[in-house]
Structure formats: structure tokens, C-alpha cells
DNA sequence: ACCTAAGCGAGACGGTACGTCTGGTCTTGGC
DNA sequence: GCCAAGACCAGACGTACCGTCTCGCTTAGGT
């Protein structure tokens, strides 16, 4: 078994510089207006260096983004699991109101045209968050805060679907009030007075 | 006010031919791969003719799409208002599984980069459906099928958010089963024990 | 029978501007250092406009060159046909000492790597001159100034071959004295005193 | 004389391997299509190793070429000095019809853009051959086969100029017949009537 | 029956970015 | 200290679309 055959290693400083530049550029002028050429020029790097490391602009931006946001401790401690979820929803909405919102919108949009990016977005943004969320939901179920007969993944969809929906549709602000309303309503259910008789078709 | 001094009127056949060609092309090769040039060439029309009528590709595709789907009779008759909503959710999921899904994904994605398209998408796709949906929700409330203290718009977000979420995230299939699960769970609420006894007695 | 189907005609001013710019650039910085990009930038023209009209840099330079030199009245009037040839050889040598020399060297060199350019060079530079030269040689033969049993094409090769040779090899200056020497010697023949007996192998 | 101060000596095997690879590659795909990278890759050598030994591609090819052809025994023995020249012209034409022709064309062409290569080509190809040729011409003059009042260098130009001319212009094949015609005509001179009676009596 | 404004096809144009390629230099770690 | 490997900067390549424009031709209305 012979050792690796040599060759100059990639320059990690460059990596960081490119991602930083990319992040800044995207926020300044928007995803569409950023080009690989502008990233290269701004970062003082040749285009080839970028294409050696990423297949296209979207991949660079994806990296620049996930480098930033990480996948860290997302669910704040709270009195209960459900309360932790509510706070996390608020935190996500808040971040969507800022720079992250623009990036998530752009990346999620671009992913609709680029299967590889879609995969990356799912693996590096969506799924880590879903997994954390599902764990908290399971805890909530264990604590009896949520029904036992529930699929945790559905809970995530019901609670977070509306947030992404507003982010993209622009039907209204992603305010804390909105988040709280959605949360409360989803917890209580939409059904009316005598709902028991109706919402359980045989 | 002077009268129009003559001039040749727009050719309506062309309009239809262009939209038809556009629709077909987008389905064949995808939104990204379609260019105004390819539409013009395929439709046997000059680029100028297209740019005389639409500001850019997205607008043409938007027209081609809404021309097709209309905003017609969306909520099927059913035993109850809530049941009508459920059936409509199923219908939307079904259409999202087909060609419409690809188009809605592409248009919604593109709209993230194009405020004008975003406006058009909202006005011609999102809002008509929301309005119909809200009306049905209001009817449901009147009938006591849904709580009186609810914002109908939130109901729409909670029920449809998850559908768009899956459409774009690709976290799972938009099956009827999924739709039913989301619907039932949203109606019942996510909350646990203390309400479980009322929800679905064995 | 309908007329040509329209379309915007090429802008002739642009054509001239591009060729002029190209010519100037090549003389300033040399063939190799000129790029299509620099031509476009200097001429205030987009790259696409150049590529719409020529397949590559060499073709532009070829055009720029032949546009300049034309294929005009090359053989000056003189007392005799042979004298006309000598004067033309001097004229060519003189032009090779100037800008044309650099261009002919570059184009002939580039043509060694580009069959299409080679064809163009032959058709637009070499052959027109050869044809004129051959006609004058034929006149010389008619006038008894040159042997009757001679292939005029060989005469051109013998007289002009050395000029191109010096142009490219750099073995010496293309002076009038050199041209005259080559001309006189070629006319008289290389053979010595008793050459008749030797240079006609049976 | 100081001893070598340590350090690893250059690997001569590598040198030969690189030149061999280069030669083969150039013949296979042509001078233009060969890059230093392709030579390095094919020879299993790093680019740096090549750039450590030669300044650029042309220099490598130049070496690969002269390594092959040498400057060896060029003028065959013959009955007379002039006949030796004729046979050498044939030999050169034959070699130009083969692989060497392609290489000489490419190198001479490239030399038009690269003064250093031009110098090398002159010193290692052109001048050795010219010197040998001039010596033979001087011998021919001593033997009375050529005029005494002649510059041997001009003889070389007149006889070999046409061969290079055809090699590059592509105005016709470099056949033995062509060579013989040029040789005979140059020996006899192009001039007409008054000398015709002396030249080749029937 | 004109007349005239506009529609139309064709396609040239200035721009801009793409992703690829090569040239020549430099760096790392093994031998 | 040479080597293979290969990262790096620089910058041209030729292509593809964009959205605008100009050119002549055609075609309906208004008079």
C-alpha cells in the first residue's frame, strides 16, 4: 500500500476567502447578479480555481451559505418540548427576515432547476433541521404534549410548511405573531365544536 | 383625443401559437433549457414578436401556464365544506404530480428572482386559489365545522403550506395518503393527552 | 418568385472598422499577441459580431491584410517583360521589408497549422500573384527573352522561392542588391564554362 | 575543476523519453494539438520537469526533431559536385514528403513567432545544411562545373528556395521530377534565344 | 382605392457570462 | 536536490442568450 502520490494540496485560505467573498457578494447584489467571474475577480482568484472546486455558481453559494449557518444547536431549551419548537420556529422566522431568508429563497429556488443542488440543499439544510425537529417532536410525544398516533415528519411539515410558504409566496410578513398563530392553531387543530364526529371518517 | 390612425392589429393566432409552443417546450426540455430564441424558432416567429408582447421568458411561460390551467371550478362539491377542502387538496396534489407540478415549481422558483413575475404569480395563481379557499373555510366556520376564532388565511397556510413544501423540498411523494394525513392531523390538532379523549374515541 | 426574406443587413462600416483595427493591432503588437477579444475591444465591437463574420483570428487578419494590399497592378511597365519581372521582385522585396513582410510571415506561418487559412492564403495572395507572374513570363517567352522549353511556373518558383526563403529563414537582408543578384544569376544559369556537356543528362 | 556539489544529476533517460514522446505525439496529432501538458502526461513526467529543461513547447519539439535527423552525411557521393547537389535536393524533397516535412513546416512556422526558436532553427537546421551545401558548391566552382563569378550562398538560395516554397505554399508536389526540373533549369538559366543554341544541342 | 401606422420575419448588434483550455510558475512531500 | 503530482494565476477561447435595433414586406383600418 503506497502513500498518496504527492501533489500540491489545496490552499485552505483560498477556500475561506472565496466563500466569504461569495457570501458578501450574494448579499450585496443578489444571487442572480453574482457570476463566477465576479467572485473570482473580487476574491483575487482565477476562475479555474473556482471551477476546480465547485461545479457551478450555485454550489459555491451553497457552500458559502452552509459554512455560515452551520447546523448547530438549533432548538433552544425551554420549559417543554413544544415550547422549544415554538421558539425554534420564531428563530427561523427571524433569520428568514434577515440575510438568511434571501439566501434560502435563492438556493431553494435554484435547486428547482439543479438536481445536484437540490440534493445538497436537502442534505445540508433541510434534513439536519428536520432530524433535530423530529427528535424534539418525539420527545414531545413521549411527554404527552403531542398525540401518540402522530407521524413526527407530518408535524414538521404542518408547522414549517407555512413558514416556507410565506417566505416564497410573499403573502405576508414572517412575524413572530404569525408564527405563534400558526403554532397555536396547528396544536389546537382547525376543527370546530363538534368536530369529533366529523373529522374521523370511518 | 385623436382616433387611432390605423395600423395593423396583433395577430391573435400568433399569440396562441406562441403560448402553445412555449408550454410544449417547457414540458419537453424544462424551464431552464428553454430560451426565447428557441421559442421563437420553434413557433416560427421572430424574437421581436415575442418581446413586443412579453418582457421576458418567465412572463411568456407564466402566460402559457395560466392560459392552460385557468382558475376555474376548483373546489368540488362535497358533503361538507371541510370535505370539499380535502378533495381540493387531493386534486392539487394530483396536478402537482403531473405537468403542472413542474411548471409551478419552475415559476415559483423563478419568481424568487423576478419581482414582477412574483407579482404575476401571486395575482394569477396564488391569490385566486387562496380566495376560493378562504371562502370555503368561511363557509366551514359558518357551518361549525371549523372553530369560529380562526383566521381563514392561516387555515390555508397550514393546509397548503405542507403541499408546496413537499413539492419543492422533495422530502416525499405528494400522494393522496400524504394529503389525507396532513388534512386529518391539521384538523385534529397536534396536541396530546388532555385532548386525545375528545378527538377520536375508539 | 418571392424576394429574399429580409433581415437586417450587415453593417459595412463595422466591417471596415474591424479590419482596420485588426491591421493596426497586428502591426503594433504582433500576430500572436492579438486576440479576438482585443480586436473587439479596440474596435468597440462585441466578440459575437466578429465571430459572426469570421471563424477565428487568422481569418480576420487575412481579410485585414488582403483588404489592404489588394491584388492590383503588380507588374510595373518596363522596357521588357524580364525587366518588368525584376522590378516586381524588387517591389515585393521592398514591401516585405516593411509592414507587409511581417504580415506575410505571420499569415504564411499560421497557415501551416490551419488548412482553411492555407487555402485562403493561396487563393487570395499566392495564386493571384503567380498568375500575373506567369502571364509576364509567357510574354517573355514569346518575346524570346526566356527559353521556349520552360515551364513558367518553375520560373516563378526559382525567382520568388529565394525571396520567401530569406523572408522566413532570416539568412540575410531582402535588399535590392540581393534581388538583383538572384535575378541575374537565375537568368544566366548557375552552370560553368563547359556546362553544356554536363547539365543535360541523357 | 570543482566536483559537483552534491545534488541529484539530471536523468538522461528522462531526457530521451521526453524527446521520443514528443516526437511521436507531434507526428500523431500535429504540432498545434500537442501541449506541454500532453507531453508530460504521455511521458509520465511532470510539467515542471519539462519546463526545467526547455523554455517552451517549440524548444522541446525542436530538440526532439534535431535529435532525430542529426546533421549527418547529407551530400551523397556522386560523379560530380553538381550531381551530388541534385541528389541531395532529391533526398531533402523525399524527406519533406514524409514526417520530416511536417516537422520542418511546423518549426519554421512557429519560428516566425518566436525569435529564440528562429535562432535555434537557423543554427541547428538551416546553417549546417547551408554550410555543407556551400562547400559542395565551392567544389563545383573549383571543378568548373559552376561559374566562378558566383556567390555560393546565392546558389543555395536559388536551388533550395523553391523547395521550401512548395513545402509551405502547397502549390504542388515535391516530386523528384519537380526537383530535377528546378535543378536543370537553374543550371541552364532562364534566359532565351541567344543562349539556347549553346544549351542543349539536339 | 388609397394611405398609413403597425405588425411581422429575419437576423445583426452590444453585452455578458459561461465553462474549458493552455501556458508557465510554484509548492509539497517522497526518494 | 530532483522528481511526480498537481494547485495556482492569467487570460483567451468559442458559444449561448439576452433584449434592442433595423430592414423591407405585408396587412388592416380610416378616409
Can residue D:110 be described as over 17 Å from residue D:187 (Cα atoms) and without any contact (Cβ under 8 Å) to a residue 12 or more places away in the chain?
no
Segment D:110-139, residues that are buried (at least 18 other Cβ atoms within 10 Å of the Cβ) and not in a helix (DSSP H, G or I)
D:112, D:114
Determine whether segment C:1-23 contains at least one residue that is within 14 Å of chain D (Cβ to nearest Cβ) and either away from DNA strand E (no atom under 14 Å from the Cβ) or in contact (Cβ under 8 Å) with a residue 24 or more places away in the chain (or both).
no
What number of residues within segment D:144-155 satisfy the criterion of being in a helix (DSSP H, G or I) and within 7 Å of another protein chain (Cβ to nearest Cβ)?
2
Boolean, residue D:103 is under 30 Å from residue C:29 (Cβ atoms) and buried (at least 18 other Cβ atoms within 10 Å of the Cβ)
yes
Would you check if residue B:103 is within 16 Å of DNA strand F (Cβ to nearest atom) and within 14 Å of chain A (Cβ to nearest Cβ)?
no
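Only one of these is away from DNA strand F (no atom under 16 Å from the Cβ), surrounded by 14 or more Cβ atoms within 10 Å (Cβ to Cβ) and over 30 Å from residue C:152 (Cα atoms): C:17, C:43. Name it. Break it down stepwise before answering.
Details: C:43 fails: away from DNA strand F (no atom under 16 Å from the Cβ).
It is C:17.
Is it the case that residue B:36 is more than 14 Å from chain A (Cβ to nearest Cβ), surrounded by fewer than 16 Cβ atoms within 10 Å (Cβ to Cβ) and within 14 Å of DNA strand F (Cβ to nearest atom)?
Values: more than 14 Å from chain A (Cβ to nearest Cβ): yes; surrounded by fewer than 16 Cβ atoms within 10 Å (Cβ to Cβ): yes; within 14 Å of DNA strand F (Cβ to nearest atom): yes.
For residue B:36, the condition - more than 14 Å from chain A (Cβ to nearest Cβ), surrounded by fewer than 16 Cβ atoms within 10 Å (Cβ to Cβ) and within 14 Å of DNA strand F (Cβ to nearest atom) - is met.
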Can residue B:194 be described as part of a loop (DSSP other than H, G, I, E, B), modelled with pLDDT under 95 and surrounded by fewer than 17 Cβ atoms within 10 Å (Cβ to Cβ)?
no
Within segment C:175-185, is there a residue that is surrounded by fewer than 20 Cβ atoms within 10 Å (Cβ to Cβ), over 14 Å from residue C:93 (Cβ atoms) and at pLDDT 95 or above?
yes
One residue from D:168, D:143 being in contact (Cβ under 8 Å) with a residue 60 or more places away in the chain and surrounded by fewer than 17 Cβ atoms within 10 Å (Cβ to Cβ)
D:143
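Specify the residue that is farthest from residue C:76 (Cα to Cα); the eligible residues are those in segment C:121-132 that are within 12 Å of chain D (Cβ to nearest Cβ) and touching a residue at least 24 places away in the same chain (Cβ under 8 Å). Can you show your working first?
Keep residues of segment C:121-132 that are within 12 Å of chain D (Cβ to nearest Cβ), which gives C:121-123, C:125-127, C:129-131.
Pick out the ones that are also touching a residue at least 24 places away in the same chain (Cβ under 8 Å) and you get C:121, C:125, C:129-130.
Working: C:121: 23, C:125: 18, C:129: 13, C:130: 15 Å.
Looking at the filtered set, the residue picked out is C:121.
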Quick one: which of A:85, A:158 is surrounded by 15 or more Cβ atoms within 10 Å (Cβ to Cβ) and either within 8 Å of another protein chain (Cβ to nearest Cβ) or without any contact (Cβ under 8 Å) to a residue 60 or more places away in the chain (or both)?
A:158
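Every residue, every condition in (1) outside the structural domain of residue A:143 (by TED's automatic domain parsing); (2) modelled with pLDDT of 95 or more, yes or no:
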{"site": "A:26", "(1), (2)": "yes, yes"}
{"site": "A:35", "(1), (2)": "yes, yes"}
{"site": "A:41", "(1), (2)": "yes, yes"}
{"site": "A:48", "(1), (2)": "yes, yes"}
{"site": "A:53", "(1), (2)": "yes, yes"}
{"site": "A:79", "(1), (2)": "no, no"}
{"site": "A:82", "(1), (2)": "no, yes"}
{"site": "A:85", "(1), (2)": "no, yes"}
{"site": "A:108", "(1), (2)": "no, yes"}
Being outside any helix (DSSP H, G or I) and either surrounded by 15 or more Cβ atoms within 10 Å (Cβ to Cβ) or within 16 Å of DNA strand E (Cβ to nearest atom) (or both) is the filter here, so list the residues in segment C:46-75 that pass it.
C:46, C:54, C:55, C:56, C:74, C:75
Consider residue B:31 against the criteria (1) within 25 Å of residue B:123 (Cβ to Cβ); (2) assigned to a helix (DSSP H, G or I); (3) touching a helix residue (DSSP H, G or I) at 6+ places or on another chain (Cβ under 8 Å): it satisfies all of them except one. Which criterion is unmet?
(2)
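The values are calculated or read from the model by the stated rules, or taken from the named source; none is laboratory data. From a predicted model like this one, the values you see are computed outputs, not experimental measurements. Because the Cβ atoms are built from the backbone with ideal geometry, glycine has one as well, and the counts that use them run over all protein chains shown.
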